[in-house]
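K.L.:
Handing you this structure, nothing more for now.
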Amino acid sequence: MTHSRRDVLRGGLGGLALAATAGTGALTRAQGAGGRPPFGAAVNQWILPKEEPYRAAIARHCRLVVSESGMKWDQLRPAPDRWDFGPADELVEFARQHNLGMRGHTLLWYDSLPDWARAISSAAQADREIKLTIDRVVERYGAQVGSWDVVNEPIEDLPQRGMRESVWYRALGPGYVDLAFRAARGAAPKAELVLNEYGLETADEGSRVKREGFRRLVRDLMDRGSPVDAIGLQAHLSGDRPIDREGLQALLREFVEMGLKVTVTELDVNDKMMPGPPELIDALVAARAYEFLDTVFAVVRPTAVLTWGITDRHTWMPRWNARPDKLRNRCLPLDENYVAKPFMSVLRHFCDVG
Ligand code: XIL
């Protein structure tokens, strides 16, 4: 992979910006090395305190981490006047001890909401609760977190089109996204503020329509002057959906022209429909990951690349995508025994991996 000076600068600067924005805590390994974006992974807050091999694998391979569920509203705000920062605090402490950078996920989402928040209907209450949550969470973790998923998954899936009919959309209309970004900018003036979405990468109708809906939202936000710094590609890829190289690159080029950065936030490969045995699955998973990263890096160097978990031992995948042959899903860079797979070699090719 050759790096033009502009790419190296873009890559270097992106990484540097990521680290420099946060407090000194993150000014450690989250910069990436050799002009490569830093690699990181989502951490399951319940497994972290329990399993040493899990902690060791994260500390060894990752440059930054993100909480899989510890910074979501249902965890942080079980009741309107009660906050639970326990799991998130533990991960922040772990990151500090291992000089890891951090991403924050997610300040505003339609899902993983406590019942009281799902019941919000007035614009005034929605406005107040969004701003209160963003202020409290950023105030507590702003020194460690260099990049925030401010709004997660704003676009519908087919058969719906356009903006997702969320509790926030119903209460505040499409302006809720701009409101959240302005609140986040106020609370974290230097952090990388990210609009995060899934299903933008592949060649099927659903992904094409979603790319168009997402492109329109981003264009509208940029025209309004919303403080969006980067686009988050969740990249939950799958074995039976090829990457739409042309479609995705056209979208990324447009974002780059808008002055936006790109970050890969939740990479994994759904192997449910991939044929066994495990060695073949591992080869196909690595090939899909390579196809995707090569497509992205040809247009823009991401500011970071994170996988949604690090080991097949602990992943969300079987909950909705268990393999019909009962084999364990093999969707992440390390197998259930923390042994690196070809997927990890692909990540090493593109990223700064420990
Ligand atoms: C998932 C977690 O992995 C699960 O453990 C949880 O039950 C639901 O959320 N997109 C996102 C992530 O932005 O927050 C989701 O994480 C996966 C899809």
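K.L.:
Which strands (runs of 3 or more DSSP E) does the stretch 188-295 wholly contain that include 3 or more residues that are touching a Cys at 6+ places or on another chain (Cβ under 7 Å) and among the acidic types (Asp, Glu)?
P.N.:
Those strands (runs of 3 or more DSSP E) do not exist here; none qualify.
K.L.:
Please specify each residue of the stretch 274-322 satisfying the condition of being of a type in the set (D, E, K, R) and open to solvent by 10 Å² or more (accessible area, probe 1.4 Å).
P.N.:
Correct list: Glu279, Asp282, Arg288, Glu291, Asp294, Arg301, Arg313, Arg319.
K.L.:
Within the stretch 72-80, is even one residue over 23 Å from Arg182 (Cα atoms), of a type in the set (S, T, N, Q), away from the ligand (no atom under 16 Å from the Cβ) and surrounded by fewer than 21 Cβ atoms within 10 Å (Cβ to Cβ)?
P.N.:
Checked the stretch 72-80: no residue is over 23 Å from Arg182 (Cα atoms), of a type in the set (S, T, N, Q), away from the ligand (no atom under 16 Å from the Cβ) and surrounded by fewer than 21 Cβ atoms within 10 Å (Cβ to Cβ).
K.L.:
Identify all residues within the stretch 326-354 that are closer than 16 Å to Ile281 by Cβ and in contact with a Gly (Cβ under 6 Å, 6 or more places away or on another chain); write none if there are none.
P.N.:
Within the stretch 326-354, Leu327, Leu332 meet the criteria.
K.L.:
Condition (residue is within 16 Å of the ligand (Cβ to nearest atom), buried (at least 23 other Cβ atoms within 10 Å of the Cβ) and in a helix (DSSP H, G or I)) applied to the stretch 171-178: is it met by at least one residue?
P.N.:
Yes.
K.L.:
Within the stretch 100-114, how many residues are within 11 Å of the ligand (Cβ to nearest atom) and either closer than 20 Å to Ala41 by Cβ or not hydroxyl-bearing (Ser, Thr, Tyr) (or both)?
P.N.:
5
K.L.:
Could you list, in sequence order, the residues of the stretch 296-339 that are aromatic (Phe, Trp, Tyr) and outside any helix (DSSP H, G or I)?
P.N.:
Across the stretch 296-339, the qualifying residues are Trp308, Trp316, Tyr338.
K.L.:
For the stretch 33-50, which residues satisfy the criterion of being within 16 Å of the ligand (Cβ to nearest atom) and open to solvent by 30 Å² or more (accessible area, probe 1.4 Å)?
P.N.:
Residues satisfying the conditions are Asn44, Trp46, Lys50.
K.L.:
With respect to Ser67, is the statement that it is surrounded by fewer than 17 Cβ atoms within 10 Å (Cβ to Cβ) and within 16 Å of the ligand (Cβ to nearest atom) true?
P.N.:
no
K.L.:
Related question: Quick one: would you say Ser166 is open to solvent by less than 10 Å² (accessible area, probe 1.4 Å) and free of Cβ contacts under 8 Å to residues at least 60 places away in the same chain?
P.N.:
yes
K.L.:
The conditions are (1) more than 20 Å from Ala191 (Cα to Cα); (2) open to solvent by less than 10 Å² (accessible area, probe 1.4 Å); (3) under 19 Å from the mean Cα position of the chain (by Cα); (4) not aromatic (Phe, Trp, Tyr), and Ala126 fails exactly one of them. Which is it?
P.N.:
Checking Ala126 against (1) more than 20 Å from Ala191 (Cα to Cα); (2) open to solvent by less than 10 Å² (accessible area, probe 1.4 Å); (3) under 19 Å from the mean Cα position of the chain (by Cα); (4) not aromatic (Phe, Trp, Tyr), the one that fails is (3).
K.L.:
Restricting the search to the stretch 180-212, which residues are open to solvent by less than 30 Å² (accessible area, probe 1.4 Å) and either over 17 Å from Ala235 (Cα atoms) or without any contact (Cβ under 8 Å) to a residue 24 or more places away in the chain (or both)?
P.N.:
Those that are open to solvent by less than 30 Å² (accessible area, probe 1.4 Å) and either over 17 Å from Ala235 (Cα atoms) or without any contact (Cβ under 8 Å) to a residue 24 or more places away in the chain (or both): Ala180, Phe181, Ala183, Ala184, Ala188, Ala191, Glu192, Leu193.
K.L.:
Could you list all residues from the stretch 129-159 that are within 16 Å of the ligand (Cβ to nearest atom) and either open to solvent by 50 Å² or more (accessible area, probe 1.4 Å) or free of Cβ contacts under 8 Å to residues at least 12 places away in the same chain (or both)?
P.N.:
Asp157
The values are calculated or read from the model by the stated rules, or taken from the named source; none is laboratory data. The structure displayed is predicted, hence computed values, not measured ones. Please note: Cβ atoms are built from the backbone with ideal geometry, for glycine as well, and neighbour counts cover all protein chains shown. Note: accessible area is taken over every heavy atom of the protein model, side chains too, but ligands, DNA and RNA are not part of it. Shrake-Rupley method; radii C 1.70, N 1.55, O 1.52, S 1.80 Å.
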